[in-house]
């Protein structure tokens, strides 16, 4: 097992995650640019739609992935090889069944594609494209259990490095294929082949770290299976709710505003998604350490670490949100032209979703490493139901802005307050009032920082150029950072974040 300290593993995972995400964005941006130029906005929208449909079909995963990691923490800490062998053998069989279910569901969904997509592309072609997307996901399920043990053992960076290398390879080949053939199906086939190679490589690496994976294991007894399935049932609710919450918007958009506008939205979402993934990776890299800490049952220390995570989320998501609001329209204007702009109102709605989701990152890390997911499992269904109802009603009235802002409203009215309340009440055994006061102050600080930064940038620049974007970028980092420093530098959370940052720099220098 991985014997290095929690902090050492977390730091290395974060550094690798940052580097890999930077490379991922650069190559994805280049591929998207050439894709839009050669295949157009319609195929861009179709691609975005397929990605969301396949993600929704993945609800069959039933939360097994999170349940795996949760179940693996204890035997990893105790170096219980026999228990690990039994668990991994069980998960291998479960995922084989899930891969078959996803393929079957995909085949059933295929005839309905034309209902959601208003496009001249024939159903036969759409079906073929969709089945390749579907195969891409199903293949991943055959190997995903191997990456789970690497993540649970705080070797996230290994998985990330391999995935990034194959993504770069895939993007380079995709660009070449697009330039040579202008073929959408060839583009999709490259994705499928690279996914297979990526998963085979991760499997081989896992076998190297854990050679016992190739050994025959003893089957889990009924009691252990029941315990796992109880966790899976709880995570299933989160899985279904989360998928509906995050992916239903594209289906609603394709019906209400059309596939071309969906393509425009996906262009903006390339940047929002990159930022979200980047920041998520930081918190995911900490999850293993938090899980190890929570297993020690020291609630006082756990609550202190949550406050530090929340402050870090506030700092990072404030800078990111302010920067996205100020810069996104400018970047898309220079990148793709004024005809593909969505405007500040839509931009605000997208960034509101980013910020609210981001401020839940700390709580989500505790949800997956404690019993919180069992306690709060049904609130996500309330959230996604409310989101779908509001998205349709507000989308009909206000278009894309209404669809997007509905998600923020749904989150604020449900899990944004309920999950922290239950975490403090049931896990930490203390009042949550101070948590909500801090969150309100953080939110007010973000709004003020954003307003000041936007006003300064608008006054300084009237034209969009590369230089203006570069200067605005610096201001978007400097102004919110200065405001946060002035307001919070005496707080315990700021001191802890500063200490960890200096510690990280020392480790990097070494």
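The values are calculated or read from the model by the stated rules, or taken from the named source; none is laboratory data. Not measured: the values here are computed from a predicted model. FYI the Cβ positions are ideal-geometry reconstructions off the backbone, even for glycines, and counts take in every protein chain you see.
Inspect all residues belonging to region 431-442 and state whether any of them is modelled with pLDDT of 90 or more and more than 30 Å from residue 483 (Cβ to Cβ).
Within region 431-442, none of the residues are modelled with pLDDT of 90 or more and more than 30 Å from residue 483 (Cβ to Cβ).
Being under 18 Å from residue 320 (Cβ atoms) and within 24 Å of the chain's Cα centre (by Cα) is the filter here, so list the residues in region 417-446 that pass it.
The answer is 439, 442, 443, 446.
Does region 477-495 contain at least one residue that is in a loop (DSSP other than H, G, I, E, B), closer than 26 Å to residue 420 by Cβ and touching a residue at least 12 places away in the same chain (Cβ under 8 Å)?
Yes, some residue in region 477-495 is in a loop (DSSP other than H, G, I, E, B), closer than 26 Å to residue 420 by Cβ and touching a residue at least 12 places away in the same chain (Cβ under 8 Å).
List the residue pairs whose Cβ atoms are under 8 Å apart, where the first residue sits in region 168-181 and is under 13 Å from residue 35 (Cβ atoms), the second is modelled with pLDDT under 95 and not in a helix (DSSP H, G or I), and the two are 6 or more positions apart or on different chains.
177/183
Check residue 469 against each of (1) touching a residue at least 40 places away in the same chain (Cβ under 8 Å); (2) closer than 30 Å to residue 305 by Cα and name the one condition it does not meet.
Single failed check for residue 469: (2).
Name the single residue that is modelled with the highest pLDDT among those in region 111-120 being buried (at least 16 other Cβ atoms within 10 Å of the Cβ) and part of a helix (DSSP H, G or I).
Going through the qualifying residues, I end up with 113.
Which of the residues that make up region 386-402 are modelled with pLDDT of 95 or more and within 20 Å of the chain's Cα centre (by Cα)?
Matches in region 386-402: none.
Hey, any hits in region 333-343 for a residue that's closer than 19 Å to residue 406 by Cβ and assigned by TED's automatic domain parsing to the domain that holds residue 441?
Yes, the conditions are met somewhere in region 333-343.
In this structure, is residue 456 closer than 21 Å to residue 331 by Cα, without any contact (Cβ under 8 Å) to a residue 60 or more places away in the chain and surrounded by 14 or more Cβ atoms within 10 Å (Cβ to Cβ)?
Criteria met by residue 456.
Which residue pairs have Cβ atoms closer than 7 Å, lie 6 or more positions apart in sequence or on different chains, and pair a first residue in region 189-208 that is at negative phi with a second residue that is at pLDDT below 90 and outside any helix (DSSP H, G or I)?
Matching pairs, first to second residue: 199/143; 202/143; 203/143.
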